[in-house]
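FYI, it's all coordinate maths here, none of it is from the lab. These figures come from a predicted structure and were not determined experimentally. FYI the Cβ positions are ideal-geometry reconstructions off the backbone, even for glycines, and counts take in every protein chain you see.
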Amino acid sequence: MPMSTVSSVDDLRTAGTRVRADKPSGMGRVSPVGKEHGGDRLRNSSVLVVEDEFFSALQLESILAHVGCSVIGPMTSVSEALSAAREEMLDAALLDVGVSGELVYPVADALRARGIPVVFVTGHRGSDLPQRFRDCPRVVKPYNARELVRVLRELV
């Protein structure tokens, strides 16, 4: 059987492949949903994930599922994400800045217009973001699960 390279979530969707993600490494002792850790605020929260890199998307999905969130996505294009940003009932969004060669800023604008908190999950520096988004939290790749959960708990 020939080996192939998987570089995005769409590669797997196109191939009809199903993937199961277990608890991500680095979760440590992050409580899934305990009230003492703020899990009650995240449990059943709907979080939009906009990320086109397969392993990054898988890691985000796994972290969110571990703390009881419902994941909307991952969306792998700006147009797909814009549709979800306008139509889905969301509590927060995790947005990679660059998705399939496009900047995700129109999605962030649509979400903020609806009052939905946005977290940029990216390798970009905060100073690289447009001025209007510099007040948004940013979690740097590679993701630290504890930091990501802490930021979401502060927003939801």
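Here are some notes:
- Sites LEU103 and GLU154 - FRET efficiency at Förster radius 22 Å, r taken between beta-carbons, to 0.05: 0.30
- Summed side-chain charge close to MET75 - residues other than MET75 whose Cβ falls under 9 Å, Lys, Arg +1, Asp, Glu -1: -3
- Gain on full extension, evaluated as 0.36 nm per residue between ARG132 and ALA113 minus their Cα-Cα distance, stands at 5.6 nm.
- J(HN,Hα) series, segment 138-153, from Karplus relation 6.51 cos²θ - 1.76 cosθ + 1.60, nearest Hz, glycine and proline x: 9, 10, 8, 6, x, 5, 9, 4, 4, 5, 4, 5, 4, 4, 4, 4
- Take the Cα of ASN144, step 7 Å toward its Cβ, do the same at SER83, and the gap between the two points is 3.7 nm.
- Environment charge at LEU94 (Cβ cut-off 11 Å; Lys +1, Arg +1, Asp -1, Glu -1): -2
- Sites listed here are trypsin sites (Lys or Arg not before Pro) in segment 68-125 whose DSSP assignment is loop and whose Cβ has at most 15 other Cβ atoms within 10 Å: ARG114, ARG125.
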